[in-house]
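Report on the following structure.
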Amino acid sequence: MWPLIIVSFMLCFVPCYQQFPRLCATREALLTKECCPPWEGDGSPCGARTGRGFCQDVEVSDLPDGPQYPFSGLDDREKWPMVFYNRTCQCAGNFMGFNCADCKFGYFGVNCNERRESLRRNIFHLSRAERIRLVSYLNLAKQTVSRDYVVVTGTYQEMENGSNPMFADVSVYDVFVWMHYYVSRDALLGGPGNVWTNVDFAHWAPAFLPWHRVYLLHWEHEIRKLTGDTSFTIPYWDWRDAEGCDVCTDELMGDRSPQDPSFLSPGSVFSSWRVLCSQAEDYNDRGVLCDARGEGPLRRNPGNHNHDVVERLPTSAEVEFTLSLTNYDTGAMDRGANMSFRNTLEGFGDAQTGLGNSSRMGMHAAIHVFMNGSMSSVQGSANDPIFLLHHAYVDRNREYFISSKELGYEYSYLLDANQRLAESLRPYLEELRSVWPWLLLAGLCGGIVAVAIADVVRTVKQRYRGSPWLHIRTFKNLFALPERQPLILSCDTGETKHHNYQTTI
């Protein structure tokens, strides 16, 4: 199956992205099999008039699929996107997008000629304002219907080969929830319960890491477009050696509900979120696709998982061992691959021995199981915003195929020592910056009070000079306490037999 998956990954770099542009979700587009929407800048398909791109035939690999997928012509995802469209926009230069309206990753500006590198940071190095902004952006993405994309709710056959389009509106955030569902769903072979479960276009094979890398970049890109904040990056959660879910706070990804630990605290904005595409068994039993309807609240109960499957969160030693594996993938390049960096990082190889088909899950898979809720379902895992933080950390663990710098971003842990120190101190310095006016005001008030007291004391002394009750010795004795043995002994006393805290040289 892995050649099929690699081809699917490579197609992510052409403007189909495994998404359905709203402008191409029409009967006309499906019947003509052409998805070449106009660019608003010049009104021509793919921006051809100004050289941004051109409408061209889609080219797909003619390599055979792997032995794990013994079918042909049954799944709409085969040779993507040929079932739906055979002509799409092929963008030129630094342009990308379904109509070549966007800039490639790492490029900005009207003409996409400004090269800029973004920094993905440890979530605990964000200032309070940056954490609030992160949560606000994610919630905005969840509440805003996508302007550019829709999701498919029926197979091409159910659409009567395009005559009856079956699409649904979803939010910007849920476009990506649906994408993760659609790429990992089981193959529908026709009729209730007739599915092929041994297929996944983004997991269990070499495409796992590059597919998720491009997936996160698109997610990041859409949030930037929504908010207008081109500096936004997805932070990462470094879960090495963590004893629990330390991002599960109401300030970040949501604490537990005191009424039911399987749900989120009402103090978190994420407690109001509704999940979709999370009921894989039900879809399989009915032989249908997810219809993108809400399926209840977000669930999470970290640590109360099956400990026979996952013992604990991964350790630093296990991460180091995984990084020491020199072969990206080995053997059949599946869950049984031995001494495979990809398989071990994905969690099906033992992170202490490197042997595949481990009886316990580790690394990436361990976090999904540990969360014990919406995140624990492969198809529905992206419903939980922790998914983003988790996969941003998985992504940072090694360069492969295309480096992150080539794609326009970097991770803060790769900075030099001085930069890392400044990065770790940044949230504290920003907090200090926000309170320093109050500290200055308090200092000024304290100075004024001190001056006022000194002035009162001086006035009193001048007025009652020579008064017997103000005699200094009497004044001292008035407030004197009984003398006690000193706590720190001095060698100036006549007693030399006692030890003191000075070092004899």
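Descriptive notes on the structure:
- Ranked from largest to smallest solvent-accessible area, with a 1.4 Å probe on the protein heavy atoms, Tyr411, Tyr328 come out as Tyr328, Tyr411.
- Taking a ≥ b ≥ c as the square roots of the eigenvalues of the Cα gyration tensor, the range 297-413 is classed as oblate, since a/c reaches at least 1.5 and a/b does not exceed b/c.
- By definition, a body whose alpha carbon gyration tensor gives a ≥ b ≥ c is oblate when a/c is 1.5 or more and a/b is not larger than b/c, and the range 91-167 fits this oblate description.
- Here the Karplus relation 6.51 cos²θ - 1.76 cosθ + 1.60, evaluated at θ = phi - 60°, turns the backbone of the range 240-250 into coupling constants of 4, 6, 5, 8, x, 7, 7, 9, 8, 10, 5 Hz, with x for every Gly and Pro.
- ³J(HN,Hα), Karplus 6.51/-1.76/1.60, whole Hz, each residue of the range 344-360, x for Gly, Pro: 6, 5, 5, x, 9, x, 5, 7, 10, 10, x, 7, x, 6, 5, 5, 10
- Sorted largest first by accessible area at a 1.4 angstrom probe radius, with every protein chain in place, the residues Val60, Val152 fall in the order Val60, Val152.
- For the residues Thr330, Thr230, a 1.4 Å probe over the protein chains yields an accessible-area ranking, largest first, of Thr230, Thr330.
- Note on Ile132: accessible area approximately 80 square angstrom, rounded to 10, probe 1.4 Å, nucleic acids and ligands left out.
- Close amide-amide hydrogen proximity is noted between Tyr149 and Arg22, each under 5 Å apart and 5 or more residues distant or on a separate chain (H modeled in the peptide plane; Pro and chain starts excluded).
- Rolling a 1.4 Å probe across all protein chains gives Leu138 an accessible area of roughly 0 Å².
- Global geometry of the range 191-349, whether rounded, prolate or oblate, following the gyration tensor of its Cα atoms and the 1.5 cut on a/c: rounded
- Cut-off under 5 Å, modelled amide H: who pairs with Gly373 long-range: Asn301
- In terms of distances greater than 26 angstrom between alpha carbons, the cross-link table entries Lys33/Lys142; Lys33/Lys225; Lys79/Lys142; Lys142/Lys225; Lys33/Lys79 yield Lys33/Lys142; Lys33/Lys225; Lys79/Lys142.
- Amide hydrogen proximity for Phe167: with H placed 1.01 Å from N in the peptide plane, the residues at 5 or more positions away or on another chain lying under 5 Å are Thr153.
- Using θ = phi - 60° in the Karplus curve 6.51 cos²θ - 1.76 cosθ + 1.60, the 3J(HN,Hα) couplings for the range 194-211 round to 9, 9, 10, 8, 8, 8, 7, 7, 9, 9, 6, 6, x, 6, 3, 6, x, 4 Hz; x is entered for Gly and Pro.
The values are calculated or read from the model by the stated rules, or taken from the named source; none is laboratory data. Note that this is a predicted model, so its numbers are computed, not measured. These accessible areas exclude ligands, DNA and RNA; they are computed on the full protein's heavy atoms, side chains included. Shrake-Rupley method; radii C 1.70, N 1.55, O 1.52, S 1.80 Å.
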